[in-house]
Amino acid sequence: MALNHLYFDSGGHLTAKALGDLASGAPIEELARLEIAEHLSYCDKCIKAYTDLLCPQPPVDLTQLPPAQVTARRAAREGRVLFLQRCARVGFAACLTLMVWLGGLSQIDPETLPKVDMHAAGEKISDSLADFSQQISDGLDQLFDFSFERSFKS
Amino acid sequence: MKNSEFSALIERYQSFVFAVCFQLVGDKEEALDLTQETFLSAYRHIDTCRAENYRPWLARIAANKAKDFLRSAYQRRVTASGGEALEELPARGGPEELCDCADGVRRIREKIDQLGEPYTMAARMYFLEEKSIEEISTRLSRPKKTIQTQIYRAKQMLRQSLKEDGYGT
Ligand SMILES: [Zn+2]
């Protein structure tokens with residue numbers, strides 16, 4: 001119990017000791033590290049205090065990481081795949097409308113296109129006009145929530 | 001953001017992101033993987049973040065990745081050794097399970113108060129008020145998985161504390 005009182009203050013935020021131990025690489029018990037990571041993943045106040053502690057950053061050898069350009073390209077590619085998978089989920093009609101609307105159809109890599117059951121999509125579209133409009137509207141809402149316009153810009 | 005701009009951002013912040021991942025997971029190889037994953041996730045939402053906030057924003061994504069990694073690593077290890085996994089938590093262990101005695105609830109209440117934050121409120125709601133993880137998460141504005149971990153931890157500490165007092169198992 002004592003360890004947690006050292007790492008969390010009475011308001012449930014991370015203490016200076018927790019942040020200091022973390023930033024200095026002091027050994028921290030596994031479950032405590034998980035709790036610290038969980039707290040940092042949602043608390044603005046503690047993430048700010050922690051990142052301030054990490055400034056300036058000591059140099060570190062990162063040659064094992066792929067070059068930045070490779071990661072950036074991979075991110076863009078995975079972004080497109082995710083976008084298209086999302087399209088398949090929210091409805092082919094909504095996806096098509098959005099692509100045409102944003103004028104980005106030509107920038108979609110055909111290899112990344114998900115397998116869409118065209119027959120089923122066609123039947124769905126012809127089911128009823130009202131349903132179709134609703135589907136487009138719902139699909140667009142979800143797509144915008146996903147904030148994915150960027151994949152058409154890059 | 002264009003790919004070239006994103007490459008420049010990676011170059012600028014990768015040591016920083018690596019440091020966050022490494023400090024949280026304590027393993028270089030895992031930290032390298034998590035650094036990559038952090039940037040892959042960051043790309044999807046980069047337009048929602050202002051440049052002056054990149055450091056805390058990236059640190060937060062990295063902490064999130066580290067949290068997922070630590071959680072599943074802990075889960076695997078505990079499950080393999082026959083312990084109680086984090087995910088099993090919703091199978092509620094009420095006060096009577098923790099302390100099979102006449103003044104159990106009163107004692108539990110005291111012990112819960114002694115836990116301190118971030119555990120007391122979550123544990124009180126879970127063990128005494130029998131609220132669901134979802135409800136506690138909403139009430140305390142903390143992610144559901146964080147509440148799960150905090151209840152798990154609280155339960156561990158309560159058991160330990162009651163054991164020291166000669167109660168329970
Ligand atoms: Zn905090």
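The values are calculated or read from the model by the stated rules, or taken from the named source; none is laboratory data. Being a predicted model, the structure only gives us computed values, none of them experimental. Don't worry about glycine lacking a Cβ; one is built from the backbone with ideal geometry, like all the others, and counts go over all protein chains shown. Just so you know, the surface numbers come from the protein's heavy atoms only, side chains and all, with ligands and any DNA or RNA stripped out. Shrake-Rupley method; radii C 1.70, N 1.55, O 1.52, S 1.80 Å.
Here is a yes/no grid of residues against (1) under 22 Å from the mean Cα position of the chain (by Cα); (2) assigned to a helix (DSSP H, G or I); (3) within 7 Å of chain A (Cβ to nearest Cβ):
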site: B:F6; (1), (2), (3): no, yes, yes
site: B:L24; (1), (2), (3): yes, yes, yes
site: B:E30; (1), (2), (3): yes, yes, no
site: B:F39; (1), (2), (3): yes, yes, yes
site: B:N53; (1), (2), (3): no, yes, no
site: B:R60; (1), (2), (3): yes, yes, yes
site: B:A63; (1), (2), (3): yes, yes, yes
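Scanning the range B:8-19 for residues that are more than 7 Å from chain A (Cβ to nearest Cβ) and of a type outside the set (D, E, K, R) gives B:A8, B:L9, B:Y13, B:V17. On the stretch given as the range A:2-16, residues that are open to solvent by 30 Å² or more (accessible area, probe 1.4 Å) and within 14 Å of the ligand (Cβ to nearest atom) total 5.
Screening B:E84 against (1) more than 7 Å from every other protein chain (Cβ to nearest Cβ); (2) without any contact (Cβ under 8 Å) to a residue 60 or more places away in the chain leaves a single unmet condition, (2). For residues that are open to solvent by 10 Å² or more (accessible area, probe 1.4 Å) and closer than 22 Å to B:Q14 by Cβ, scanning just the range A:27-48, find the one that is farthest from the ligand (Cβ to nearest atom). Per the stated criteria, the residue is A:R33.
Residues in the range A:70-87 that are modelled with pLDDT under 80 and more than 18 Å from the chain's Cα centre (by Cα): there are none.
Residues in the range B:135-152 that are of a type outside the set (S, T, N, Q) and under 17 Å from A:G11 (Cα atoms): B:I136, B:R139, B:L140, B:R142, B:P143, B:I147, B:I151.
For A:L53, are the conditions met, namely being crowded, with 16+ Cβ neighbours inside 10 Å, within 15 Å of the ligand (Cβ to nearest atom), more than 26 Å from B:R76 (Cα to Cα) and more than 7 Å from chain B (Cβ to nearest Cβ)? Here the answer is no, as A:L53 does not meet what is asked.
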